[in-house]
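The values are calculated or read from the model by the stated rules, or taken from the named source; none is laboratory data. Everything numeric in this text was worked out from a predicted model, so none of it was measured. Because the Cβ atoms are built from the backbone with ideal geometry, glycine has one as well, and the counts that use them run over all protein chains shown.
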Amino acid sequence: MSLSPIRYVEPVYRPPSEAESLILPVTDGCSWNRCTFCEMYTAPHKRFRPRDASEVEESIRRSGEIYGDRVKRIFLADGDALTLSIRRLEAILEGIRRELPGVRRVSSYCLPRNLRNKSVADLKRLADLGLSMVYVGAESGDDEVLMRVDKGETFDSAREALDKLQAAGIKRSVMILNGLGGASLSRKHAENSAALINATQPEFLATLVVSFPMGEQRFRGKFPDWRELSVSELMREMELFLSKLDLSQTVFRSDHASNWLILKGTLGRDKERLLTQLRAAIAAPDSAPLRPAWLRGL
């Protein structure tokens, strides 16, 4: 028998803020897995499947035996745990509550499509059982960009999902991909992404820069005329995006390894400070505190 209470299928991904969490796979891979910019679940052995309920139950039980009440946070992996039925999710959360009594936060990734057949009442039950935050990769608020990258979502589908989560009392961390629209759709991408964020007022907002460590072939198959933005153009797109945001209390982070310029603050309180940082970097890139290319590790 493995010494680990949990079976992992590499590679395993989690958001940066889940570094201290116990990663509990309840599915393998991603149920959509067509986004042309995403390389997380494209390996042949990462095909999507829900894990057997008995395996998940046993993983929770053995984790409880080994870790007791030392585990404070759990992240439900892989790409979209919320594709599971409400019944399955309730059983998982009940098991965590029973076997791991020290847990204070359970979170997961969430594709907007996975909430289409889940009501606010359904999600409220999950929140009551401990699901406190989800990470939604909106990527863009522009329907043309979303279509060109085969996201399978729209402005409206993302907004509907984010509104449901808010109504259920589940915190939302939304991700936008800087540069996803390339040069031709940069302005629409920035403006409509800001419109989506303004309409939903998420608790957390993060931006990453689109990148292709394994090459661009898959991406360009659907978006052949895409032109990558320069560092200066990426910062100008970010400036437009931030300038259009009208938020009351959203924690903002642009500090992922892919980002050239690290930005952190709370919007709207820190909006002008962040814009001042961006504009200074755009005006004098040679003296700006940009992350070296080698440190981005992409």
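Of note:
- Counting only residues that are farther than 21 Å from Val210 by Cα and either of a type outside the set (A, V, I, L, M, F, W, C) or in contact (Cβ under 8 Å) with a residue 40 or more places away in the chain (or both), segment 280-297 holds 2 of them.
- Segment 26-55, residues that are of a type in the set (Gly, Ala, Ser), modelled with pLDDT of 90 or more and part of a loop (DSSP other than H, G, I, E, B): Gly29, Ser31
- Verdict on Glu10 being charged (D, E, K, R) and either without any contact (Cβ under 8 Å) to a residue 60 or more places away in the chain or crowded, with 19+ Cβ neighbours inside 10 Å (or both): yes
- Residue count for segment 68-89 satisfying the condition of being over 22 Å from Asn114 (Cα atoms) and exposed (fewer than 15 other Cβ atoms within 10 Å of the Cβ): 4.
- Flag: Leu76 does not match the condition of being in a helix (DSSP H, G or I) and within 16 Å of the chain's Cα centre (by Cα).
- Residues in segment 257-298 that are closer than 12 Å to Val231 by Cα and either surrounded by 11 or more Cβ atoms within 10 Å (Cβ to Cβ) or touching a Gly at 6+ places or on another chain (Cβ under 8 Å) (or both): Ser258, Asn259, Trp260, Leu261, Leu278, Ala281, Ile282, Pro285, Ala288, Leu290, Arg291.
- Test result for Ile23, over 15 Å from the mean Cα position of the chain (by Cα), in a helix (DSSP H, G or I) and not polar (S, T, N, Q): no
- Some residue of segment 208-217 being under 19 Å from Asp270 (Cβ atoms) and small (Gly, Ala, Ser): no
- Only residues that are touching a Ser or Thr at 6+ places or on another chain (Cβ under 7 Å) and either assigned to a loop (DSSP other than H, G, I, E, B) or charged (D, E, K, R) (or both) were counted in segment 265-274, giving 1.
- Set Ser59, Ser17, Ser108: member being part of a helix (DSSP H, G or I) and either aromatic (Phe, Trp, Tyr) or under 27 Å from Glu160 (Cβ atoms) (or both): Ser17
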